[in-house]
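Below is one structure; the comments refer to it alone.
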Amino acid sequence: MVSLVAWKSPRNVHNFCDDLSQVIVSLMLARQDRTLEDEAVRATSLLAIGSIIHFAPEGATLWGSGVNGKIPEHFHHYRGLDGRAVRGPRTREWLMRRKIAVPEIYGDPALLLPELCQGRFQPTGAGGTIFVPNLNDILAGTAVSLPAGVPLVSPMRSWHRVVADIVAARFVVASSLHGVVIAEAFGIPARYVRLSEHENLFKFQDYYAGTGRGSFAYARSIEEALEMGGEAAPVFDSAALKRAFPLDLWR
């Protein structure tokens with residue numbers, strides 16, 4: 001079978017974005033009347049959503065995953081990987097320096113959620129502005145000042161409930177990368193707010209560069225994010241990302 005690699009918190013804490021990998025891969029397979037549980041051509045591993053490439057076993061397939069900038073290089077034990085697509089050009093450059101070939105196909109697969117869910121989530125803008133924190137900001141007890149009328153959407157809830165709250169918003173402020181990704185996937189303006197140094201900037205730089213934005217600006221508070229408004233809209237080739245999906249692993 002194909003083993004889908006995803007991050008699991010050592011503290012047994014749930015994080016909605018880590019569910020998205022199985023959700024997106026399952027939806028991609030369903031388009032071809034297949035499931036993750038189907039027999040595969042050979043036993044192998046697939047890495048889709050998340051900064052998880054340091055978890056990759058030898059020969060694993062990459063489809064949209066990225067490098068985690070805070071993980072030292074010596075934690076990457078593989079010698080060869082099957083790169084089909086990665087989150088952005090910074091991840092590709094990092095892998096190419098290790099002599100691992102990766103095509104110039106970029107994008108976080110969570111950007112495909114609106115198409116794959118076929119209208120299940122409909123943006124309404126009825127919820128105003130929301131704040132989606134990064135899990136590590138919560139676990140570290142990072143102080144955050146929430147302006148009146150800006151609710152916090154916990155990333156520890158089920159993926160579909162977090163997505164539903166995001167698509168109901170008019171504007172999303174997030175220290176969670178996938179708070180930004182999901183909002184932008186549905187055309188909702190979003191701004192990354194950097195409340196702490198718990199997360200390395202690499203994954204944000206990688207995501208924005210992979211969606212046509214070589215530079216981006218982050219806020220240092222929710223109030224500043226409200227003043228800045230949304231980042232420029234993402235530009236990426238969804239058709240190329242879908243074509244790169246490794247369906248051949250199951251054929």
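The values are calculated or read from the model by the stated rules, or taken from the named source; none is laboratory data. Bear in mind that the values here come from a model prediction, so they are computed numbers and not experimental data. Because the Cβ atoms are built from the backbone with ideal geometry, glycine has one as well, and the counts that use them run over all protein chains shown. What goes into the accessible areas is simple: the full protein's heavy atoms, side chains included, and nothing from ligands, DNA or RNA. Shrake-Rupley method; radii C 1.70, N 1.55, O 1.52, S 1.80 Å.
Just for helices (runs of 4 or more DSSP H) wholly inside the stretch 195-245: which have at least 1 residues that are in contact with a Pro (Cβ under 8 Å, 6 or more places away or on another chain) and surrounded by fewer than 19 Cβ atoms within 10 Å (Cβ to Cβ)? Steps first, answer last, please.
Working: elements: 202-210, 222-228, 238-243.
Result: 222-228.
Might you let me know whether the stretch 113-128 holds any residue that is under 17 Å from Y207 (Cα atoms), modelled with pLDDT of 95 or more and open to solvent by less than 20 Å² (accessible area, probe 1.4 Å)? Looking for residues that are under 17 Å from Y207 (Cα atoms), modelled with pLDDT of 95 or more and open to solvent by less than 20 Å² (accessible area, probe 1.4 Å), one finds at least one in the stretch 113-128, hence yes. Can you name the residue in the stretch 23-47 that is in a strand (DSSP E or B) and among the polar types (S, T, N, Q) and is also nearest to H160 (Cα to Cα) among such residues? For the stretch 23-47, the residue satisfying everything is S45.
Provide a single number: the residues in the stretch 180-209 that are under 20 Å from I166 (Cβ atoms) and either touching a strand residue (DSSP E or B) at 6+ places or on another chain (Cβ under 6 Å) or not small (G, A, S) (or both).
Taking the stretch 180-209 and keeping what is under 20 Å from I166 (Cβ atoms), we get 180-195, 199, 203-204, 207-208.
Then drop every residue that is not either touching a strand residue (DSSP E or B) at 6+ places or on another chain (Cβ under 6 Å) or not small (G, A, S) (or both), which leaves 180-184, 186, 188-195, 199, 203-204, 207-208.
Counting residues in the stretch 180-209 that are under 20 Å from I166 (Cβ atoms) and either touching a strand residue (DSSP E or B) at 6+ places or on another chain (Cβ under 6 Å) or not small (G, A, S) (or both) gives 19.
Being among the charged types (D, E, K, R), in contact with a helix residue (DSSP H, G or I) (Cβ under 9 Å, 6 or more places away or on another chain) and open to solvent by 70 Å² or more (accessible area, probe 1.4 Å) narrows it down to one of E39, E58, E93, so name that one. Explain how you work it out, then say what you get.
Working: E58 fails: in contact with a helix residue (DSSP H, G or I) (Cβ under 9 Å, 6 or more places away or on another chain); E93 fails: in contact with a helix residue (DSSP H, G or I) (Cβ under 9 Å, 6 or more places away or on another chain).
Just one listed residue meets the conditions, E39.
Looking at I166, I188, I182, which one is assigned to a loop (DSSP other than H, G, I, E, B) and of a type outside the set (D, E, K, R)? Steps first, answer last, please.
Details: I166 fails: assigned to a loop (DSSP other than H, G, I, E, B); I182 fails: assigned to a loop (DSSP other than H, G, I, E, B).
Sole residue among the options that is assigned to a loop (DSSP other than H, G, I, E, B) and of a type outside the set (D, E, K, R): I188.
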